[in-house]
Amino acid sequence: MTDRFFGWASGLLRWTSLRLRLVAVFAAVALTAAVSASGIAYWLNRDAVLTRAQNSALNDFRDSLQRNAASLPVNPPCEGLKNAADEMGGPGQYAVLLIDKTPDNGPCAAPSSRDVFTLDDVPKALQDAVNTRHKQQDGKYHLHWLRISLHGTPYLVAGAKIMDDGPTGYMLKSLDAERKDLNSLAWSLGIATMLALIGSALLAQAAASTVLRPVQRLGVAAQQLGEGRLGTRLKVSGTDELAELSRTFNKAAEALETRVEELSAREAASRRFVADMSHELRTPLTAITAVTEVLEDEADALDPMIAPAVRLVVSETRRLNELVENLMEVTRFDAGTARLLLDEVDVADMVTACMDARAWLDSVELDAPRGIFVRLDPRRLDVIMANLIGNALKHGGSPVRVSVRTADDQLVITVADNGPGIPEDVLPHVFDRFYKADASRARSEGSGLGLSIAMENAHIHDGDITAANSPDGGAVFTLYLPVRPAEALPEGDEDGGRP
């Protein structure tokens with residue numbers, strides 16, 4: 001269960017994950033819709049709340065101004081203005097400020113609460129608008145208002161002048177209660193937006209699981225198919241596009257299995273044919289080889305007209321014998337029946353014996369210190385070195401240099417020549433079977449399998465061979481074999497390696 005959860009979490013957190021993209025798209029759409037709806041709802045409610053509070057306060061102030069201030073005499077005393085202001089304003093409603101001239105033409109500003117509202121709190125723009133002359137309409141006076149903020153608290157301030165010679169009244173109404181209501185509404189809309197976002201993420205996860213689960217099963221099935229399990233099939237349920245995709249995969253897997261079985265049968269038949277043909281050729285070749293050896297011994301005593309033909313037959317018989325042996329070796333590799341017979345050997349002695357058996361000691365410069373003991377198959381190392389050194393002597397230039405060393409728990413054997421090197425277009429194909437650098441050469445002295453067999457023998461040791469051109473000229477073949485200490489292998493292990 002824990003592994004399943006962490007697998008889901010890692011899949012969700014990958015930036016390239018389709019699941020994450022689906023969740024992100026759902027969340028973005030839900031967030032955009034929720035924010036838009038919440039924003040519209042907030043501004044509509046804000047406008048409605050403020051307009052309602054504003055209209056109520058302005059209408060009440062207008063009525064109170066007409067009822068209390070319009071009945072005052074011209075140039076009333078300050079005490080009268082103060083009483084009228086106290087009757088108009090009060091706690092919980094709004095503060096009032098009445099301004100007029102006293103009987104002795106002195107200024108008088110009568111606030112309902114001097115600590116709350118003074119003329120300094122009225123913006124200059126509102127004072128100018130109130131003091132502008134307007135015509136009276138329907139017994140009412142022009143009322144001007146503004147929304148301001150004092151000490152961090154929102155207020156509605158309004159003012160009106162009663163006729164040309166009447167007092168001027170100002171009102172200050174706190175909108176703090178409305179602000180608290182709007183803040184509560186904003187929090188509610190924010191919480192609703194977050195819930196919508198979480199809901200959309202859960203919905204996206206559910207939708208992604210519904211869509212991606214079949215896709216994941218398809219990916220696992222495709223991986224199994226790629227690993228060679230050709231009997232892999234998907235369970236098909238439903239009639240939607242994903243079910244159709246599963247049906248298509250099953251049909252493709254079935255066709256692939258049938259095709260692979262046909263190709264495997266043909267390949268097995270081809271391998272059997274090559275193996276059987278090689279086996280069948282060995283018997284007559286053995287007899288022919290024995291005859292050609294006799295003819296070769298008597299070639300000097302034969303008629304000069306017949307001797308060249310005899311030597312040609314001997315040469316071609318040897319070449320055919322080598323080709324059959326190589327084909328049998330390739331067949332064993334292809335069939336997976338090749339095995340390692342490991343032994344701990346001195347590599348310097350092995351390379352020297354390989355060159356001595358082929359009379360190459362005078363043609364090759366050997367740099368192989370004694371004492372490098374490696375556990376490997378001596379016969380297969382001999383095949384590798386014979387092919388690499390023989391190839392260098394045949395196609396490269398003298399001197400051919402062979403060096404043996406160890407590095408990073410690997411045996412490294414380098415074979416370098418002084419020839420023209422390997423063309424760049426040929427380098428990727430030098431280990432291919434029957435590959436010829438010059439397509440016009442239909443026939444060559446070798447079988448065309450030497451380097452490929454050398455590579456197979458390196459691979460069976462878990463090693464490798466590389467081909468390159470030296471900066472100083474000439475081709476360089478490098479053999480890498482793992483060093484196998486004797487104590488690292490189980491006791492009594494005669495094969496000691498993989499098939």
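The values are calculated or read from the model by the stated rules, or taken from the named source; none is laboratory data. The structure presented is a predicted model; accordingly, all values stated were derived computationally and were not measured. Cβ sites come from the backbone with ideal geometry, for glycine too, and all protein chains shown count toward neighbours. Only protein heavy atoms, including side chains, enter the accessible area calculation; ligands, DNA and RNA are left aside. Shrake-Rupley method; radii C 1.70, N 1.55, O 1.52, S 1.80 Å.
The figures follow:
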item	result
HN-Hα J in Hz across the stretch 42-50 - Karplus 6.51, -1.76, 1.60, θ = phi - 60°, x for Gly and Pro	5, 5, 5, 5, 4, 5, 5, 5, 5
Prolate/oblate/rounded call for the stretch 344-391, Cα gyration tensor, a/c under 1.5 rounded	oblate
Carbon + sulfur, % of accessible area of the stretch 366-420 - ligands and nucleic acids excluded, 1.4 Å	45 percent
Cβ-derived FRET efficiency at R0 25 Å, Thr289 paired with Ala359, nearest 0.05	0.75
Note, ³J(HN,Hα) from phi for the stretch 353-358, Karplus 6.51, -1.76, 1.60, rounded to Hz, x at Gly and Pro	5, 4, 6, 5, 5, 10
Of Lys124/Lys180; Lys101/Lys173; Lys82/Lys161, pairs whose Cα-Cα distance is over 22 Å	Lys124/Lys180; Lys101/Lys173
For the stretch 200-217, Karplus couplings with θ = phi - 60° (6.51, -1.76, 1.60), whole Hz, Gly/Pro x	5, 5, 5, 5, 5, 5, 5, 5, 5, 5, 4, 7, 7, 4, x, 5, 5, 4
Residue-span extension gain [Arg370 to His395] - 0.36 nm each, minus C-alpha spacing	6.1 nm
Heavy-atom surface of the stretch 389-440, accessible at 1.4 Å and reported per residue (Å²)	55 Å²
Accessible-area composition of the stretch 173-250, carbon plus sulfur, in percent [1.4 Å probe]	63 percent
Distance between modelled label sites at Lys180 and Ser209, nm, 7 Å Cα→Cβ extension	4.5 nm
Cα centroid of the stretch 229-260 to Cα centroid of the stretch 26-71, whole Å	64 Å
Accessible area (Å², 1.4 Å probe, nearest 10) - Arg379	120 Å²
Nonlocal amide H pairs with Ile372, under 5 Å, H built at 1.01 Å	Val347, Ala348
Average accessible area per residue (Å²) across the stretch 227-266 - probe 1.4 Å, nucleic acids and ligands excluded	73 Å²
